[in-house]
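The values are calculated or read from the model by the stated rules, or taken from the named source; none is laboratory data. From a predicted model like this one, the values you see are computed outputs, not experimental measurements. Positions of Cβ are backbone-derived with ideal geometry, glycine not excepted, and every protein chain shown enters the neighbour counts.
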Amino acid sequence: MTKAIVVGSGPNGLAAAVTLARRGLDVTVLEAADTPGGGTRSAELTLPGVLHDECSGFHPLALDNAFAGEADLSRYGLEWLWPEIQYAHPLDHGAGAAAWQDVATTARHLFDDGDTWAKVFGPLARNFPDTTDDFLRPMLHVPEHLFKLAHFGGFAGMPAALVAQLWKTPEARALFGGVAAHAFRPLTTLASSAIGVALGTAAHAYGWPVAKGGSQAIATATIAALEGLGGRVETGVQVRSLADLPDAEVIMLDTGPAAAADIAGDRLPPRVRRGLRRFRHGPGAFVVNFAVEGGIPWEYQQARAAGTVHVAGTFEEIAAAERQINQGVMPERPFVLLGQQYLADPGRSAGDVHPIDAYAHVPAGYEGDATEAIEEQIERFAPGFRERIVGRHVRSTAELEGKNPNYVGGDIVTGANSAFQLLLRPRVSVDPYSLGAPGLFLCSAATPPGAGAHGMCGYNAARSALAQLGEEVQLGEEARVGPRTVDGD
Ligand SMILES: Cc1cc2nc3c(=O)[nH]c(=O)nc-3n(C[C@H](O)[C@H](O)[C@H](O)COP(=O)(O)OP(=O)(O)OC[C@H]3O[C@@H](n4cnc5c(N)ncnc54)[C@H](O)[C@@H]3O)c2cc1C
């Protein structure tokens, strides 16, 4: 039986493992941490009974992609839940804006800018299932849906500051600025709108759902699928070198590019090693999980029903803060992303005490404490918030990296989202997953399509490995259960 080892059990490592196991490979996943799941782990970080997502909370791109279609994790207990409002953006004095899954409802609440919002996001959302077929894989390919991809790329390729000029009101501009900031990029740079346009469109196409029982449910379901196919996960195993591994025809690394270069050492051709070491990481995150009695008293009422709240003020304030973190300067008022997953999944709360997962964008490797800055930002739009805090769990950039080495310097999106790295990551190559040595592959979020707990980096990497193995790989029974068509099958 063809053997595969996957190093790392993040969503990409597990997606690679399932994809390989479905083709009949004997797969073992080795995970350094005591709990599997990487960025999809959940835990009672603050108080007993209050369940937090340690990292990813919202999964708009995990619902309808090639891996989701093949693996059908609902058969293993994964259930998605949606908040009433997908994301909200409070402004001073109780003003703000919000995005519903329905474009027309969103537009109605944006007054003078509603028509433009609907004209931009309506067609993008309708085309999104086809567009994602093309952008959830390496950019160097012949597009299946050329015109739809070009339409999407027309917005995605622009600086976010230019796209924001489509709207006149501070509310609509801030609403777009909030999603654009997910890129951790200066909003004036080329393609800095790419992540915002993708996530903004996804909110209308799929919503921003949470996993029932915490994001850990994604890992639990994927591992159940893997075990059903005869695979296994071993935790508490830190892999430092290929010499640590048993013989296997396929080795998948769910690691950062530099770590992959360290682990693979001399097995890599020098040009590949150089390429991996040139990979650039982005700014960091400083994470605070709160237990809050009675929830957050947002002045802007819609924020009380929103899964995600972008706590950052106007578009101009966001642009200034994102510019600063990219210059290595800690902003006085950082961009704060805040999750209220419990609104969609009430089982995560303990009575009237609710989990709130927040993080601020900070410079790479930031050594200070951003707790106060985060609380200030929330208090600004929700006076009385502080008095309701009954538990707090803090992770600095160093602690994030300590717990998961893929988050270098606190870079939770595994690589700077520069225009170059959005197109060509982790290095310039037709097959970005191959590490240039037979059987050796990279499958983490450092590869296309990049960050997120969607599993598509792992799925694509597994397909690259299967293509390399050629006809030696037999299609297992499972692989015939309704897979979507993907090039190279
Ligand atoms: C605070 C935070 C909020 C986020 N919010 C969202 C969100 O809402 N939605 C979303 O889609 N994404 C979000 N993300 C990003 C998302 O979690 C990541 O993009 C995703 O988890 C990447 O998956 P991965 O499999 O590439 O790597 P990871 O999930 O990082 O997993 C890598 C795994 O490999 C293990 N590992 C690494 N090196 C070794 C080694 N040498 N030996 C053994 N094991 C090793 C690590 O311990 C880890 O378990 C967030 C991340 C963070 C931190």
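Inspect all residues belonging to the stretch 354-373 and state whether any of them is at pLDDT 95 or above, over 30 Å from THR188 (Cβ atoms) and over 21 Å from the mean Cα position of the chain (by Cα).
Keep residues of the stretch 354-373 that are at pLDDT 95 or above, which gives 354-373.
When the remaining residues are screened for being over 30 Å from THR188 (Cβ atoms), the result is 354-356.
Checking which are over 21 Å from the mean Cα position of the chain (by Cα) leaves us with 354.
Yes - at least one qualifying residue is present in the stretch 354-373.
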Seminar exercise, completed: Checked pairs for the stretch 231-255, first on the phi > 0 side of the Ramachandran plot and at pLDDT 95 or above, second surrounded by 15 or more Cβ atoms within 10 Å (Cβ to Cβ) and part of a loop (DSSP other than H, G, I, E, B), C-beta under 9 Å and 6 or more apart or across chains, list as GLY236/GLU31; GLY236/ALA32; GLY236/ALA33
For this session: With the checklist (1) closer than 30 Å to PRO159 by Cβ; (2) away from the ligand (no atom under 11 Å from the Cβ) in hand, flag the one item LEU199 doesn't pass.
Result: (2)
Problem set entry | Among the residues listed as LEU30, LEU81, the single one being hydrophobic (A, V, I, L, M, F, W, C), at pLDDT 95 or above, closer than 30 Å to GLY470 by Cβ and touching an Asp or Glu at 6+ places or on another chain (Cβ under 7 Å) | LEU30
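Do you know which residues across the stretch 170-191 are assigned to a loop (DSSP other than H, G, I, E, B) and crowded, with 24+ Cβ neighbours inside 10 Å? Before the answer, list the steps.
Taking the stretch 170-191 as the starting set, the residues that turn out to be assigned to a loop (DSSP other than H, G, I, E, B) are 184-191.
Matches in the stretch 170-191: PHE184, ARG185, LEU187.
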Problem set entry | Odd one out for GLY452 among (1) at pLDDT 90 or above; (2) farther than 26 Å from LEU245 by Cβ; (3) surrounded by fewer than 24 Cβ atoms within 10 Å (Cβ to Cβ) | (3)
Exercise. Hey, among the residues in the stretch 308-335 that are assigned to a loop (DSSP other than H, G, I, E, B) and hydrophobic (A, V, I, L, M, F, W, C), which one's surrounded by the most Cβ atoms within 10 Å (Cβ to Cβ)?
Worked result: ALA312
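Given the residues SER396, SER418, which is the only one that is in contact (Cβ under 8 Å) with a residue 40 or more places away in the chain and within 16 Å of the ligand (Cβ to nearest atom)? Spell out the reasoning first.
Working: SER418 fails: within 16 Å of the ligand (Cβ to nearest atom).
Criteria check complete, one pass: SER396.
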Seminar exercise, completed: When every residue in the stretch 230-243 that is surrounded by fewer than 21 Cβ atoms within 10 Å (Cβ to Cβ) and within 24 Å of SER42 (Cβ to Cβ) is compared, the one farthest from the ligand (Cβ to nearest atom) is ARG232
For this session: Just give me the residues in the stretch 433-449 being surrounded by fewer than 24 Cβ atoms within 10 Å (Cβ to Cβ) and either more than 13 Å from the ligand (Cβ to nearest atom) or part of a strand (DSSP E or B) (or both), in sequence order.
Result: SER434, GLY436, ALA437, PRO438, GLY439, LEU440
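Limited to the stretch 336-393, what total is found for residues that are of a type in the set (Asp, Glu), part of a helix (DSSP H, G or I) and buried (at least 21 other Cβ atoms within 10 Å of the Cβ)? Talk me through it step by step, then tell me what you get.
Taking the stretch 336-393 and keeping what is of a type in the set (Asp, Glu), we get 345, 352, 357, 367, 369, 372, 375-376, 379, 387.
Applying the additional criterion that residues be part of a helix (DSSP H, G or I) yields 372, 375-376, 379, 387.
This time we only want the ones that are buried (at least 21 other Cβ atoms within 10 Å of the Cβ), so: none.
Number satisfying all stated conditions: 0.
Scan the stretch 94-108 and give yes if some residue there is at pLDDT 95 or above and under 15 Å from THR222 (Cβ atoms), otherwise no.
We begin by selecting, within the stretch 94-108, every residue at pLDDT 95 or above; these are 94-108.
Still in the list and also under 15 Å from THR222 (Cβ atoms): none.
No, every residue in the stretch 94-108 fails to be at pLDDT 95 or above and under 15 Å from THR222 (Cβ atoms).
Might you check whether a residue that is in contact with a Leu (Cβ under 8 Å, 6 or more places away or on another chain) and of a type in the set (A, V, I, L, M, F, W, C) occurs anywhere in the stretch 366-384? I'd like the intermediate steps shown before the answer.
So in the stretch 366-384, the residues in contact with a Leu (Cβ under 8 Å, 6 or more places away or on another chain) come out as 378, 381.
If we keep only those that are of a type in the set (A, V, I, L, M, F, W, C) as well, we get 378, 381.
Looking through the stretch 366-384, at least one residue is in contact with a Leu (Cβ under 8 Å, 6 or more places away or on another chain) and of a type in the set (A, V, I, L, M, F, W, C).
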Seminar exercise, completed: Within the stretch 203-229, the residues that are within 12 Å of the ligand (Cβ to nearest atom) and of a type in the set (Val, Ile, Thr) are VAL210, ILE218, THR222
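Scanning for something more than 16 Å from ILE356 (Cβ to Cβ), away from the ligand (no atom under 11 Å from the Cβ) and outside the structural domain of GLY38 (by TED's automatic domain parsing), does the stretch 400-415 turn up at least one residue? Working first, answer last.
Applying the first criterion (more than 16 Å from ILE356 (Cβ to Cβ)) to the stretch 400-415 yields 400-415.
From what's left, away from the ligand (no atom under 11 Å from the Cβ): 409.
Checking which are outside the structural domain of GLY38 (by TED's automatic domain parsing) leaves us with 409.
Looking for residues that are more than 16 Å from ILE356 (Cβ to Cβ), away from the ligand (no atom under 11 Å from the Cβ) and outside the structural domain of GLY38 (by TED's automatic domain parsing), one finds at least one in the stretch 400-415, hence yes.
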Exercise. Any residue in the stretch 163-176 that is more than 16 Å from PRO123 (Cα to Cα) and either touching a Cys at 6+ places or on another chain (Cβ under 8 Å) or polar (S, T, N, Q) (or both)?
Worked result: yes
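Quick check, is ALA306 among the aliphatic types (A, V, I, L, M) and within 16 Å of the ligand (Cβ to nearest atom)? Outline the logic, then answer.
On the way: among the aliphatic types (A, V, I, L, M): yes; within 16 Å of the ligand (Cβ to nearest atom): yes.
Yes: the conditions hold for ALA306.
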Problem set entry | Among residues of the stretch 395-424, those that are more than 16 Å from PRO448 (Cα to Cα), among the small types (Gly, Ala, Ser) and either in contact with a helix residue (DSSP H, G or I) (Cβ under 7 Å, 6 or more places away or on another chain) or assigned to a helix (DSSP H, G or I) (or both), counted | 4
Exercise. Out of (1) under 26 Å from LYS403 (Cα atoms); (2) without any contact (Cβ under 8 Å) to a residue 60 or more places away in the chain, the odd one out for PRO270 is which?
Worked result: (1)
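Quick one: which of ASP254, ASP247, ASP266 is within 13 Å of the ligand (Cβ to nearest atom) and of a type in the set (Asp, Glu)?
Numbers: ASP247 fails: within 13 Å of the ligand (Cβ to nearest atom); ASP266 fails: within 13 Å of the ligand (Cβ to nearest atom).
After ruling out the rest, the residue left standing is ASP254.
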